[in-house]
Amino acid sequence: MLELIIVIITITLAISYSYANGINDAANAIALVVSTRVMSPFAAILMGAGFNLLGAVTGTAVAKTIGKGIIDPSQVNQMTVVASILSAVLWVMIATRKGIPVSVSHSLVASVLGAGLATAGIDAINLTTATKVLLALALSPLFGFFGGYSIMVALYWMVRKSSQSTTEKIFGKLQIIVGAFMAYAHGKNDAQNAMGIMALGWAVYKSQEVSVDLWMQLSAGLAIGVGTALGGWKVIRTLGMRLTKLRPIHGFAAYTAGATVIELASAIGLPVSTTHTATSSVMGVGATKRLSAVRWGLSRDIALAWLVTYPVCFIIAFILSLVLGPIDSILR
């Protein structure tokens, strides 16, 4: 009975994590269509929630990486899973209160590594997969920046003979399309983080192979949608209004670059930071006007938040796993 209670707590924390993801990370998917005024906040929320849910139910590759690729499920216990998700939720909620768009993917991956190491030592870590995941998380901002920069340069050349009013009209509509693509890509990648934790917790509880069920996909997708609807405006303001001044053509370029990077990562089962990718894409687009168009001071603050996420979440999860570990003895 106690084991069932623990797995219910794990699933509840995973849904809370997905909700926090919606407040913090999913806001990235609708920030630009709101800031460039091509959609009202209400319409953008509906679009973001709907396409995040659609993305969540159309893939499981990333969830399987989180659930069984980073640590060996056979060497950990339910308290390891609880420590992992609790650490990530705590850090994301703290960052959200400060309006800083940290990476929930970084938070969870670092937490899983910390909790797994505390529970079973280095042998529990799949070093090959963990290295690939960490590289993907680290390189996503570079791809986002240069993708946004390159697409924006190409668009400037394409519209060089068009009037500003014509450009605004065309790209205002196109930005909505790629905004939906961004929300879909976000759901397909980030919602799977919560699914992976649910799948890991359920597999440990049932002593079975890790598998991702439909109820996990739906609950994670719905939680992200609700989180986007009920919160996230601080992050929207930071990303869409304070980082650099944007028009619809800029939003189109940033969304296209960011969503493409995320979608490609999802296809090969690698969790990447949508925050990293979206923010760096905006910075790349802004840099095409002039370097001073990007508020590098704010960018520095965001980058520092990303950097401290790894050690903070790793240490929190490590400590929580040590503290909660004795409970597993009681369960046995």
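The values are calculated or read from the model by the stated rules, or taken from the named source; none is laboratory data. All figures in this text were calculated on a predicted structure; none of them were measured in a lab. Heads up, the Cβs are rebuilt from the backbone with ideal geometry, glycines too, and the neighbour counts pull from every protein chain shown.
Remarks
This table checks each residue for (1) surrounded by 24 or more Cβ atoms within 10 Å (Cβ to Cβ); (2) farther than 30 Å from Lys173 by Cβ.
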| residue | (1), (2) |
| --- | --- |
| Ile6 | no, yes |
| Gly22 | yes, no |
| Arg37 | no, no |
| Asn52 | yes, no |
| Gly59 | no, no |
| Val62 | yes, yes |
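- Of all residues in the stretch 19-54 being under 19 Å from the mean Cα position of the chain (by Cα) and in a loop (DSSP other than H, G, I, E, B), the one that is modelled with the lowest pLDDT: Ala26
- Against the test of being under 21 Å from the mean Cα position of the chain (by Cα) and either at pLDDT 85 or above or not aliphatic (A, V, I, L, M) (or both), the options Ser162, Ser111 yield a single qualifying residue, Ser111.
- Test for Phe143: is it crowded, with 23+ Cβ neighbours inside 10 Å, in contact (Cβ under 8 Å) with a residue 24 or more places away in the chain and not acidic (Asp, Glu): yes
- Filtering the stretch 253-268 to residues that are assigned to a helix (DSSP H, G or I) and over 14 Å from Ile177 (Cα atoms) leaves Val261, Ile262, Glu263, Leu264, Ala265, Ser266, Ala267.
- Only a single item in (1) more than 27 Å from Leu139 (Cβ to Cβ); (2) touching a His at 6+ places or on another chain (Cβ under 7 Å); (3) not β-branched (Val, Ile, Thr) is not met by Ser103, and it is number (1).
- If the condition is being over 21 Å from Trp157 (Cβ atoms) and at pLDDT 80 or above, then the stretch 279-298 contributes only Ser280.
- The stretch 252-273, residues that are at pLDDT 90 or above, β-branched (Val, Ile, Thr) and over 12 Å from the mean Cα position of the chain (by Cα): Thr256, Thr260, Val261
- Single residue of the stretch 55-103 satisfying the filter (touching a residue at least 40 places away in the same chain (Cβ under 8 Å), hydroxyl-bearing (Ser, Thr, Tyr) and assigned to a helix (DSSP H, G or I)) that is nearest to Asn21 (Cα to Cα): Thr96
- Taken over the stretch 202-222, the criterion of being among the aromatic types (Phe, Trp, Tyr) and buried (at least 19 other Cβ atoms within 10 Å of the Cβ) is satisfied by Trp202, Tyr205.
- Residues being part of a helix (DSSP H, G or I) and either hydroxyl-bearing (Ser, Thr, Tyr) or touching a residue at least 24 places away in the same chain (Cβ under 8 Å) (or both) - total across the stretch 122-140: 12
- Residue list for the stretch 94-118, restricted to those being surrounded by 24 or more Cβ atoms within 10 Å (Cβ to Cβ) and not hydrophobic (A, V, I, L, M, F, W, C): Pro101, Ser103, Ser105, His106, Ser107, Ser111, Gly114, Gly116
- Boolean, Ala191 is among the aliphatic types (A, V, I, L, M), at pLDDT below 90 and buried (at least 24 other Cβ atoms within 10 Å of the Cβ): yes
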